[in-house]
Amino acid sequence: MLKQWIYKLGSVAMALTLLFSTISFTVEKHFCGDTLIDVAIFSPAEKCAMEASEMEQQEVIKKSCCKDTLDLIEGQDLLTKNTFDDLDFQQELFLIAYLDSYRNLFQVVPKQHIPHKHYIPPNLVLDIQVLDQVFII
């Protein structure tokens with residue numbers, strides 16, 4: 001029972017590792033001055049109230065103290081798919097021999113006929129070896 005749970009947990013862990021290694025996403029951060037205001041992963045970061053009021057006042061042209069940064073986290077996108085034709089001759093030979101021997105492990109052997117299965121030996125009347133004093137050493 002415990003062994004099955006360990007196998008299931010291991011397979012789920014490997015599937016999640018594969019999933020998270022291939023996902024790409026961006027982390028958007030909004031700073032107001034040197035203070036971090038908002039961090040967003042799948043949606044745009046919310047702007048602070050100071051930047052919203054600066055956008056309304058278009059007459060005043062000055063440098064904004066707010067800034068946005070984008071951190072791109074790229075997943076693995078170079079997944080290779082090998083086919084049987086990509087293998088060299090030695091690898092193909094090993095693979096074929098392995099699969100053939102594995103397949104032969106599970107072949108059903110026909111039921112064998114044992115001709116003397118129901119043979120009943122005769123009853124011993126006298127023990128001839130003891131009578132003749134002949135023993136196998």
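Do the sum for the chain: with -39,500 (n - 2.57) for every DSSP H run of n ≥ 4, divided by all residues, what is the mean residue ellipticity at 222 nm, to the nearest 500 deg cm²/dmol? Provide the component values of the computation, followed by the final result.
On the way: 4 runs with 51 residues, N = 137.
Helix contribution divided over all residues of the chain: -11500 deg cm²/dmol.
About the centre of its Cα atoms, the chain shows a dipole size close to 880 debye [charges on the beta carbon of Lys, Arg (+1) and Asp, Glu (-1) only; nearest 20 debye]. Measure nothing but the geometry: give the 0 to 90° angle between the long axis through the Cα atoms of 2-22 and the longest principal axis through the Cα atoms of the chain, rounded to 10°. Once rounded, one gets 40 degrees. Structural size metrics of the chain, computed from C-alpha coordinates, are Rg and Dmax of 39.5, 132 Å. Scanning residues 5 or more positions from Cys66 or on other chains, those with amide H under 5 Å from its amide H are Gly33, with H placed 1.01 Å from N in the peptide plane.
Every read-out reported here was derived from the displayed coordinates using simple, explicitly stated rules and does not represent laboratory data. Nothing here was measured: the structure is a model prediction, and the numbers come from that model. A quick note on method: Cβ atoms are made from the backbone with ideal geometry, for glycine too, and the neighbour counts reach across all protein chains shown.
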